[in-house]
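Okay, so here's the structure we're looking at.
The values are calculated or read from the model by the stated rules, or taken from the named source; none is laboratory data. Note that this is a predicted model, so its numbers are computed, not measured. Neighbour counts run over all protein chains shown; Cβ positions are idealised from the backbone, glycine included. Accessible surface areas use protein heavy atoms only, side chains included; no ligands, DNA or RNA. Shrake-Rupley method; radii C 1.70, N 1.55, O 1.52, S 1.80 Å.
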Amino acid sequence: MLTSRLIFRPVAALLMVSSLLLGCDNKSPAPQAAPGATVTAAEPAANHHAHKLIDKFASAETLALYNNLAGLRGKHMLFGHEDSLAYGVNWEGDLDRSDIRDVTGSNPALYGWELGGLELGHEKNLDGVNFKQMQDWIKAGYSRGGVITISWHMYSPVSGGNSWDKTPTVHDIIPGGSKHDTLKAYLDTFVAFNEGLAVTDAAGNKKYIPIIFRPWHEHNGDWFWWGKGNASEQDYIALWQFTVKYLRDEKGLHNLIYAYSPDRSRIDLAAFESGYFYAFPGDEYVDVIGLDNYWDVGHNSNTASADEQKAGFVAALKGIVKIAQVRNKIAALTETGNNRLTIPNFWTERVLNPILAGEEAQQITYMMVWRNANSAREKSEQFFAPYTGQTTAEDFKTFFAHPYVLFESELPKLYE
């Protein structure tokens with residue numbers, strides 16, 4: 001993840017960045033639908049300009065998901081949550097529960113999962129989620145029509161340290177590097193994990209669950225070993241391109257949608273595109289124009305006013321939407337949130353209203369907030385979604401009720 005995670009993990013330094021932020025109006029959202037109201041199905045993908053995935057052999061379900069997400073643009077946005085089914089702030093071990101559903105009655109529309117530790121053969125990921133159980137939760141979410149996205153805080157194949165170990169690594173693991181075979185072995189663990197995501201349809205056909213795969217994220221920051229300052233721009237591009245070619249062409253994974261997601265805090269809004277395209281691997285290697293943005297929604301290192309932050313939030317969304325439209329791709333807010341939800345009416349005033357203030361920002365296809373750490377196990381407070389009794393829970397219900405925002409109970413059929 002996560003710029004914010006830097007603040008709560010001892011291995012990382014506090015992020016201090018200055019940003020140029022612009023002013024905007026704060027318009028009210030449109031009238032609300034009843035909580036849990038079901039939206040009509042999206043128009044068939046064939047009725048939209050078909051979006052070409054970078055994998056020309058992508059499975060039918062994977063292509064349908066991508067086209068149907070594109071078809072929702074401007075009308076609806078999917079809401080997602082990391083580790084939503086694995087644990088909550090005050091519970092762990094329930095196999096069919098989420099803090100999101102406790103508050104709203106519905107699971108999130110999009111489920112985020114994390115692979116860190118898989119490459120080392122660990123039973124659980126770096127946040128304590130059992131990988132076998134994760135596969136079961138992914139299958140369950142998919143069976144209900146939900147969308148799956150996966151990130152990977154990979155341990156360094158050079159130093160053995162975690163993602164926040166800044167030991168130069170990338171040059172040694174790209175083609176020609178001394179640890180290139182180790183990288184391939186690490187990627188092979190994902191190939192095996194993906195094999196466990198095969199399902200059989202009603203006709204007895206084997207299919208693989210479509211995954212929005214988000215590797216090497218926030219690379220324009222300096223907190224990961226693949227980040228700016230720890231790896232050259234050229235080497236990062238080589239790493240991304242090799243990852244795609246290896247998984248797609250050599251290993252034959254055709255259920256992946258590749259999401260690129262730099263961090264907003266390291267992009268100057270006055271030169272958004274040039275900042276966004278730092279180490280961009282090329283249109284033929286990216287499906288989702290993503291952005292991780294904690295900075296503009298109350299990050300505790302951002303001293304700008306609330307209005308300035310809301311303006312920056314909108315400007316950043318417009319920036320990725322413009323890039324996506326030019327390239328005939330979809331745009332997404334791949335990570336966001338306010339840790340511990342300290343801002344009153346966060347969901348409506350800091351997220352929903354700014355997005356709805358203009359047509360451009362509304363073109364994002366989904367947003368995902370980070371996880372709700374289990375307070376008893378982790379002995380700390382880190383949560384990005386409300387739980388029962390949390391102070392923003394009522395505001396979150398208003399957010400949930402708005403017809404623009406989709407949760408799992410409201411999803412059209414996205415895989416057809």
Residues of region 189-237 that turn out to be more than 23 Å from the chain's Cα centre (by Cα), within 29 Å of GLU123 (Cα to Cα) and of a type in the set (A, V, I, L, M), as a count:
1
With the structure loaded, tell me whether GLN390 is open to solvent by 10 Å² or more (accessible area, probe 1.4 Å), closer than 15 Å to PHE79 by Cα and touching a residue at least 40 places away in the same chain (Cβ under 8 Å) or whether it fails that test.
no
Mind listing just one residue for me: the one in region 169-203 that is at pLDDT below 95 and either among the small types (Gly, Ala, Ser) or within 29 Å of TYR278 (Cβ to Cβ) (or both) and, of those, least open to solvent (accessible area, probe 1.4 Å)?
ALA203
Mind telling me which of the residues GLY298, GLY275, GLY282 ends up being under 19 Å from the mean Cα position of the chain (by Cα), open to solvent by 10 Å² or more (accessible area, probe 1.4 Å) and small (Gly, Ala, Ser)?
GLY298
Which ones in region 102-127 are over 30 Å from GLU394 (Cβ atoms) and small (Gly, Ala, Ser)?
GLY116, GLY117, GLY121
So, ASN162, is that one over 19 Å from the mean Cα position of the chain (by Cα) and without any contact (Cβ under 8 Å) to a residue 12 or more places away in the chain or not?
no
The number of residues in region 358-376 that are part of a loop (DSSP other than H, G, I, E, B) and either open to solvent by 10 Å² or more (accessible area, probe 1.4 Å) or not hydrophobic (A, V, I, L, M, F, W, C) (or both) is 7
Looking at LYS397, LYS379, which is the one that is surrounded by fewer than 21 Cβ atoms within 10 Å (Cβ to Cβ), at positive phi and among the basic types (Lys, Arg)?
LYS379
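Identify the residue in region 112-145 that is among the small types (Gly, Ala, Ser) and open to solvent by 10 Å² or more (accessible area, probe 1.4 Å) and, among all such residues, is nearest to PHE383 (Cα to Cα).
GLY128
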Residue pairs meeting the criteria (Cβ under 8 Å; at least 6 apart or on separate chains; first open to solvent by 10 Å² or more (accessible area, probe 1.4 Å), in region 68-81; second in a loop (DSSP other than H, G, I, E, B)):
ARG73/ILE364; ARG73/THR365; GLY74/GLU359; LYS75/TYR404; HIS76/VAL39; HIS76/PRO403; HIS76/TYR404
Select from region 94-127 the residues that are in a loop (DSSP other than H, G, I, E, B), out of contact with any strand residue (DSSP E or B) (no Cβ under 8 Å at 6 or more places or on another chain) and not acidic (Asp, Glu) and list them in ascending order.
LEU95, GLY105, SER106, ASN107, GLY116, GLY121, HIS122
Quick check on my filter: what residues within region 400-416 are out of contact with any helix residue (DSSP H, G or I) (no Cβ under 7 Å at 6 or more places or on another chain) and crowded, with 18+ Cβ neighbours inside 10 Å?
LEU406, GLU408, SER409, GLU410, LEU411
Determine, yes or no, whether ILE355 is part of a loop (DSSP other than H, G, I, E, B) and at pLDDT 95 or above.
no
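From the list GLU233, GLU218, pick out the single residue that is exposed (fewer than 14 other Cβ atoms within 10 Å of the Cβ) and in contact (Cβ under 8 Å) with a residue 24 or more places away in the chain.
Answer to the selection: GLU233.
Residues are listed down the side, and each one gets a yes or a no for (1) touching a Phe, Trp or Tyr at 6+ places or on another chain (Cβ under 9 Å); (2) more than 22 Å from ALA332 (Cα to Cα):
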site	(1), (2)
PRO157	yes, yes
SER163	yes, yes
GLY176	no, yes
TYR186	yes, yes
THR189	no, yes
ALA192	no, yes
VAL199	yes, yes
ILE209	yes, no
Considering only helices (runs of 4 or more DSSP H) fully contained in region 227-345, which possess at least 3 residues that are more than 30 Å from VAL405 (Cα to Cα)?
233-245
Show the residue pairs that are 6+ apart or on different chains and have beta-carbon atoms under 9 Å apart, the first residue being within region 102-120 and under 14 Å from ALA185 (Cα atoms) and at pLDDT below 95, the second being aromatic (Phe, Trp, Tyr) and in a loop (DSSP other than H, G, I, E, B).
none
Note: among GLU360, GLU410, GLU416, just one is charged (D, E, K, R) and without any contact (Cβ under 8 Å) to a residue 60 or more places away in the chain, namely GLU360
